[in-house]
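K.L.:
One structure coming up, written as structure tokens, with questions to follow.
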Amino acid sequence: MKNILLLGSGGRECTLAWKLSQSPFCGTFFIAPGNAGTAEYGVNLPISYNDFEAVKQACIEYKIDILFPGPEDPLVAGIYDFFKSDPKLKHIIIVGPSKEGAQLEGSKAFSKKFMERHNIPTAAYKEFTIESFEQGIAYIKRSEMPIVLKADGLAAGKGVVIAQNTIDAVKAFRAMVMDKQFGKSSEKVVIEQFLDGIEMSVFALTDGTNYVLLPEAKDYKRVGEGDTGLNTGGMGSISPVPFADDAFMKKVTDKIVVPTVKGLKAESIIYQGIIFFGLIKVNGEPFVIEYNCRMGDPETEVVIPRLENDLVELILSMATGKLNEVTVQHSARAAGAVMMVSEGYPGDYPKGRKMTGFDKVRGSMLFHAGTVVKDGVTVTNGGRVLAVTSYGEDIKKALAKSYEIAALIDYEGKYYRKDIGFEF
Ligand code: AMP
Ligand code: GLY
């Protein structure tokens, strides 16, 4: 039996909590800080996951064997290295890379250079700083539009601008580099070619040598129907992805997944954990848009329900370098998740709205994101409130079921996109 501490408080963590707690190998299970949903599967601890000292104390007090950071921040900030350099903590299995490995997500420039070294298909790019500002402007002026500008560091999903013309591109570049729009994160900017295609997400769990692929997914990032309006953390997701057939996935494996895992090993970058490949399919070929060092949200809400293996067993195989002995079983059923959000999201939104209808739910899964229990009542506590995930013979049927359930859950100002999966 393994005692587990899961870090995070979103729909991703609620889904992971649901899965981990089903394992016969799961001992005492904690989530920090968690939400109203995770409390059904384990004990929520009121600590911030960015407070490594507090996480350390919890790990010692509760004799934790496995630490699973859900979000990227603690990984990019080096929680792996913090644990491995402390004699009291270094025996703990961490599902996630070293600080250096997490740079695949934490620095766009690092990931672009990594892909270049290993011939991994990605958009052509150049990087610029304040010192090379004039060259950056010249580069924009001679580039084809649209063009993509990316703050080098973490920017809570807001650091990417797709500029349609030179004037907007120069404006965005100046705001990032000169006006430090994203602070240190935009001191360096990657400017890259715009790729026109359809996106999807692929997830590998690696032990540093071997890897297994989890079910693939597609998420819907825009707030409005027909993929319009502002970018959000994600309004829904589907798995499997209809266009990701065997031939395409073979290209993904051969051109992207294998060279990434081999590249990390060849460069002695310590990486045991999730590699999230944000991909785009252009004329039948896969390109990497971005790497992340953690699971996606809301992709997890469909990927994990379709994973038939025991997740704790997979983590233990990862820790012992034996993922080559594992066969991953993807469910034959499809899964579709609809994210219910608060009015106003992704802008300002109200909190504390009383939620009802949970007792009417049958046959679907509710993965809480922004919820909290106040005085015995579940209330909204975030922009993304709750993911409804259902299984079905195909994604249309799965989503139809999720929509039936979403109609039953109520709170003032509830909103969700009615067209997840619309293009299939
Ligand atoms: P990222 O944070 O790198 O994932 O970028 C956020 C979003 O911007 C992606 O999910 C894409 O929709 C879009 N994007 C990023 N890079 C490109 C690119 N080179 N071409 C087209 N779209 C892109
Ligand atoms: N759904 C995209 C992400 O988690 O980054």
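Here, each number is a calculation from the coordinates, and none is a lab measurement. Just so it is clear, the structure is predicted and the values come from calculations on it, not from any experiment. Every residue, glycine as well, gets a Cβ built from its backbone with ideal geometry; the counts of neighbours run over all protein chains shown.
K.L.:
Which loop-located trypsin sites (Lys or Arg not before Pro) does the range 232-336 contain, where loop means any DSSP state but H, G, I, E or B and the Cβ has at most 14 other Cβ atoms within 10 Å?
P.N.:
K322
K.L.:
Test of the criteria: in the range 109-174, which chymotrypsin sites (Phe, Trp or Tyr not before Pro) are in a DSSP loop and have at most 14 other Cβ atoms within 10 angstrom of their Cβ?
P.N.:
none
K.L.:
Would you mind computing, in nm to one decimal, how far apart the modelled labels at E285 and T320 are, each placed 7 Å from Cα along Cα→Cβ?
P.N.:
4.2
K.L.:
Counting only other residues whose beta carbon sits under 13 Å from that of N283, what net charge do I get with K and R as +1, D and E as -1?
P.N.:
0
K.L.:
While we're looking at this one, here's another question. Going by Cα centres, the range 36-54 and the range 355-410 are how many Å apart?
P.N.:
21
K.L.:
Then there is this: At 7 Å along Cα-to-Cβ for each site, give me the label-to-label distance between K99 and A124 in nm.
P.N.:
3.6
K.L.:
Counting helices only, and only those DSSP H runs with n ≥ 4, report the 222 nm mean residue ellipticity of the chain as the sum of -39,500 (n - 2.57) divided by its residues, in deg cm²/dmol to the nearest 500.
P.N.:
Mean residue ellipticity at 222 nm (helix-derived): -7000 deg cm²/dmol.
K.L.:
Can you tell me the length gained on complete extension of the stretch N3 to R117, counting 0.36 nm per residue apart and subtracting the Cα distance?
P.N.:
Between N3 and R117, full extension yields 37.1 nm more.
K.L.:
With a ≥ b ≥ c taken as the square roots of the eigenvalues of the C-alpha gyration tensor of the range 135-205, please select rounded if a/c is under 1.5 and otherwise prolate if a/b is larger than b/c or oblate if it is not?
P.N.:
Judged from the Cα gyration tensor, the range 135-205 comes out oblate (a/c at least 1.5, b/c at or above a/b).
K.L.:
How many nm is it between the label spots at H330 and V373, if each spot is 7 Å from the Cα in line with the beta carbon?
P.N.:
Between H330 and V373, the simple spin-label model gives 3.7 nm.
K.L.:
Please list, by residue number, every one of the GluC sites (Glu not before Pro) in the range 184-266 that is coil in DSSP and has at most 10 other beta-carbon atoms within 10 Å.
P.N.:
none
K.L.:
For R362 and E308, what is the calculated FRET efficiency with R₀ set at 25 Å and r taken between the beta-carbons, to the nearest 0.05?
P.N.:
Plugging the Cβ-Cβ distance into 1/(1 + (r/R0)^6) gives 0.65.
K.L.:
Could you give P(r) for the chain, binned at 20 Å from zero, as whole percent values over all Cα-Cα pairs?
P.N.:
26, 60, 14, 0
K.L.:
How are the Cα pair distances of the range 112-168 distributed, in percent, across 10 Å bins from 0?
P.N.:
19, 48, 32, 1
K.L.:
Suppose we keep just the alpha-carbon trace of the range 262-318; what are its Rg and Dmax in angstrom?
P.N.:
13.9, 39
K.L.:
Which of rounded, prolate, oblate describes the range 159-286, given a ≥ b ≥ c as roots of the alpha-carbon gyration tensor eigenvalues and a/c under 1.5 marking rounded, otherwise prolate only if a/b is larger than b/c?
P.N.:
Since a/c reaches 1.5 but b/c is at least a/b, the shape of the range 159-286 is classed as oblate.
K.L.:
Here's something else I'd like to know. Taking the highest mean first, how do the peptides 67-79, 3-15, 36-48 order by number of other beta carbon atoms within 10 angstrom per residue?
P.N.:
Put in order of decreasing packing, that is 3-15, 67-79, 36-48.
K.L.:
I would also like to ask the following. Calculate, in nm to one decimal, what K88 and K184 gain on full extension: separation in residues at 0.36 nm each, minus their alpha carbon distance.
P.N.:
Fully extending the segment from K88 to K184 adds 31.3 nm.
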